[in-house]
Amino acid sequence: MKKQSRFMAGALVLVGVVGYLAVTGMKDSMMYYYTPDELAAKVTADPTAHALGAKVGGRVVPGTVQFDPRTLDLRFNVVDIASGKTSFPVHYNGPLPDTFEEGRDVVVEGKLTEAGTFEATTVLTKCGSRYEAAEEDFKA
């Protein structure tokens, strides 16, 4: 009977440790992304928010994309998808995502500087939720 209770106690400790590591690991890796409107409101309410990293989801404003393939310097403006009101410039230095283009929805990760530019460390393009076949695909 004593061996069984030691085994159960060991199993409970092991399950507890694995559960704790899973929960804390998920908390650290999960990061909500803000809209430009939400980020602007957050920074207005708490100016120290500039020092914190954030993810922002928005739409690339057509006509604002500037990319230098030699230096991999990318600059564009992102605007709130829902309201279309809040926008800010984004600066990113790195390879251009394959599906990046004007008018496309993006998620940028980085920090909003006090000057108002979002210094991105990552730029991800969002895939459309629906892909529709072109009309010529239906012709036989």
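Rule-based calculations on the coordinates, nothing more; no lab input. Since we're looking at a predicted model, the values are computed, not measured. Positions of Cβ are generated from backbone atoms using ideal geometry, with glycine treated the same way; all protein chains shown enter the neighbour counts.
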Problem set entry | Mean Cβ neighbour count within 10 Å, used as a protection proxy, ranking 95-107, 54-66, 8-20 highest first | 54-66, 95-107, 8-20
Exercise. Hey, what do the phi angles of region 60-70 turn into as Karplus ³J(HN,Hα) couplings, whole Hz, using 6.51/-1.76/1.60 and θ = phi - 60°, x for Gly and Pro?
Worked result: 5, 6, x, x, 10, 6, 10, 10, 9, x, 6
For this session: Work out from phi, with θ = phi - 60° and the Karplus expression 6.51 cos²θ - 1.76 cosθ + 1.60, the ³J(HN,Hα) of each residue of region 88-101, listed in order in whole Hz, and give x for Gly and Pro.
Result: 7, x, 10, 10, 9, 10, x, x, 6, x, 4, 9, 6, 7
Exercise. If amide H atoms are built 1.01 Å from N in the plane of the peptide, which residues on other chains or at least 5 residues away come under 5 Å of the amide H of I81?
Worked result: R59
Seminar exercise, completed: Scalar couplings 3J(HN,Hα) for region 32-45 by Karplus 6.51 cos²θ - 1.76 cosθ + 1.60 (θ = phi - 60°), nearest whole Hz, x for Gly and Pro, are 5, 9, 8, 8, x, 4, 5, 5, 4, 5, 5, 5, 5, 6
Exercise. Which cross-chain or sequence-distant (5 or more) residues have an amide H under 5 Å from the amide H of F118, H modelled 1.01 Å from N in plane?
Worked result: V90, H91, T113
Exercise. Where Rh is the Kirkwood radius over the Cα pairs of region 1-91, the temperature 10 °C and the viscosity 1.306 mPa s, what D in µm²/s does Stokes-Einstein return?
Worked result: 92 µm²/s
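Round to the nearest 0.05 the FRET efficiency obtained for T86 and A11 when R0 = 35 Å and r is the Cβ-Cβ distance.
Efficiency, from the Cβ-Cβ distance: 0.10.
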For this session: Considering the options G16, P36, V61, tell which one lies farthest towards the positive end of the dipole of region 1-83, charges being +1 on Lys and Arg and -1 on Asp and Glu at the Cβ, about the Cα centre.
Result: G16
